[in-house]
There are 2 protein chains.
Amino acid sequence: MLRTALILSLAAAPALAADPAPVPYPEGYRGWTHVKSMVINAGHPLHDAFGGIHHLYANKKALTGYKSGNFPDGSVIVFDLLEAKTADNTLQEGARKVLGIMHKDAKKWQDTGGWGFEGFKGDSKTDRAVGKNATTACYACHLPQKDKDFVFSAYRK
Amino acid sequence: MLRTALILSLAAAPALAADPAPVPYPEGYRGWTHVKSMVINAGHPLHDAFGGIHHLYANKKALTGYKSGNFPDGSVIVFDLLEAKTADNTLQEGARKVLGIMHKDAKKWQDTGGWGFEGFKGDSKTDRAVGKNATTACYACHLPQKDKDFVFSAYRK
């Protein structure tokens with residue numbers, strides 16, 4: 001009886017206790033549409049995490065989201081962060097620091113606004129920087145963007 | 001007789017005397033593959049012409065050229081130059097300054113390495129910055145890149 005009760009208890013555990021579903025690596029994203037770019041320099045509050053030059057890419061579903069304001073399930077936005085190398089009055093792209101991902105699935109990632117958040121370190125497709133910590137590491141900062149479906153960027157023509 | 005001679009003379013005029021064929025505006029280039037980006041700051045020798053943040057885009061044929069080193073006819077490379085606005089330790093994209101184009105057709109633009117060169121001012125699809133001056137305004141600087149089919153940029157993974 002104790003064993004049965006334990007099994008029932010586990011089965012009824014709230015969804016919050018479960019680890020979030022892993023976010024897949026965005027294969028082929030370099031062929032997706034370039035949304036916009038930006039450089040974050042030393043002295044900026046986000047420099048430790050996001051210093052360098054970053055480019056945002058959107059798959060076809062995410063592009064419809066940028067236009068309508070509502071991102072359908074399957075939307076993927078990639079934040080591609082590279083080192084910024086300055087020399088001879090230029091700023092050039094250096095090594096990849098991290099590849100940040102937002103992957104929309106309203107059911108799968110219901111605890112973080114319907115978005116799965118992940119970061120792949122450097123050029124790795126497996127070395128994850130976020131994992132179970134999406135709520136504190138990503139979602140908390142995206143929360144104020146709720147009226148834009150938690151997305152900061154806008155498509156730059 | 002004089003008239004006939006004149007007509008024959010005109011018909012035999014060297015190709016150099018003809019204006020280059022106009023380079024078409026690259027419709028849909030914002031959906032093409034992003035090749036790489038760079039910032040050119042004040043103090044750089046090219047700052048007057050190309051100061052700001054630029055992105056390079058390639059259509060599918062040009063992508064094969066970046067990989068093989070030989071760009072097939074129909075390859076189009078776009079140099080999208082935007083103002084670089086610096087504030088609060090960031091560099092952000094501003095207004096479009098010029099859209100530079102290289103369009104490959106070995107016959108049509110045989111006098112400039114098989115490439116048609118053009119610049120569209122700002123967001124205009126008709127206001128041309130280069131026109132008849134491609135040889136001096138573009139090709140002269142691209143000439144040293146002959147072993148790379150006159151292209152400066154390389155695809156950044």
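The values are calculated or read from the model by the stated rules, or taken from the named source; none is laboratory data. Note that the structure is a prediction, hence the values are computed from the model and not measured. Reconstructed Cβ throughout: ideal geometry from the backbone, glycine too, with neighbour counts over all protein chains shown. Heads up: the accessible areas ignore ligands, DNA and RNA and are worked out on the full protein's heavy atoms, side chains in. Shrake-Rupley method; radii C 1.70, N 1.55, O 1.52, S 1.80 Å.
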Checklist entry - Does region A:73-91 hold any residues that are among the polar types (S, T, N, Q) and more than 21 Å from the chain's Cα centre (by Cα), and which are they? => result A:T86, A:N89, A:T90
Next on the checklist: Whether any residue in region A:41-49 is in contact with a His (Cβ under 7 Å, 6 or more places away or on another chain), open to solvent by less than 60 Å² (accessible area, probe 1.4 Å) and more than 7 Å from chain B (Cβ to nearest Cβ) is what I want to check.
Outcome noted: no
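Condition check ((1) in contact with a helix residue (DSSP H, G or I) (Cβ under 8 Å, 6 or more places away or on another chain); (2) among the hydrophobic types (A, V, I, L, M, F, W, C); (3) away from chain A (no Cβ under 14 Å); (4) over 16 Å from B:H54 (Cβ atoms)) across all residues:
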residue: B:A95; (1), (2), (3), (4): no, yes, no, no
residue: B:K104; (1), (2), (3), (4): yes, no, yes, yes
residue: B:K107; (1), (2), (3), (4): no, no, yes, yes
residue: B:Q110; (1), (2), (3), (4): yes, no, yes, yes
residue: B:E118; (1), (2), (3), (4): yes, no, yes, no
residue: B:S124; (1), (2), (3), (4): no, no, no, yes
residue: B:A137; (1), (2), (3), (4): no, yes, yes, yes
residue: B:F152; (1), (2), (3), (4): yes, yes, no, no
residue: B:K157; (1), (2), (3), (4): yes, no, no, yes
Item to check | Which listed residue is free of Cβ contacts under 8 Å to residues at least 40 places away in the same chain, surrounded by fewer than 16 Cβ atoms within 10 Å (Cβ to Cβ) and either within 12 Å of the chain's Cα centre (by Cα) or under 25 Å from A:K157 (Cβ atoms) (or both), from B:K121, B:K146, B:K125 | outcome: B:K121
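Which of the residues that make up region B:16-38 are more than 9 Å from chain A (Cβ to nearest Cβ) and open to solvent by 40 Å² or more (accessible area, probe 1.4 Å)?
B:L16, B:A17, B:A18, B:D19, B:P20, B:P22, B:P24, B:Y25, B:E27, B:G28
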Next on the checklist: Quick check on my filter: what residues within region A:50-65 are open to solvent by less than 40 Å² (accessible area, probe 1.4 Å) and more than 15 Å from A:H103 (Cβ to Cβ)?
Outcome noted: A:G51, A:G52, A:I53, A:H54, A:H55
Item to check | Members of region B:94-111 found to be surrounded by fewer than 19 Cβ atoms within 10 Å (Cβ to Cβ) and not basic (K, R), listed by number | outcome: B:G94, B:A95, B:D105, B:A106, B:Q110, B:D111
Checklist entry - What pairs come up if the first residue lies in region B:60-87 and is free of Cβ contacts under 8 Å to residues at least 24 places away in the same chain, the second is part of a strand (DSSP E or B) and open to solvent by 50 Å² or more (accessible area, probe 1.4 Å), and their beta carbons are under 6 Å apart, counting only those six or more places apart or on different chains? => result B:K85/B:Q92
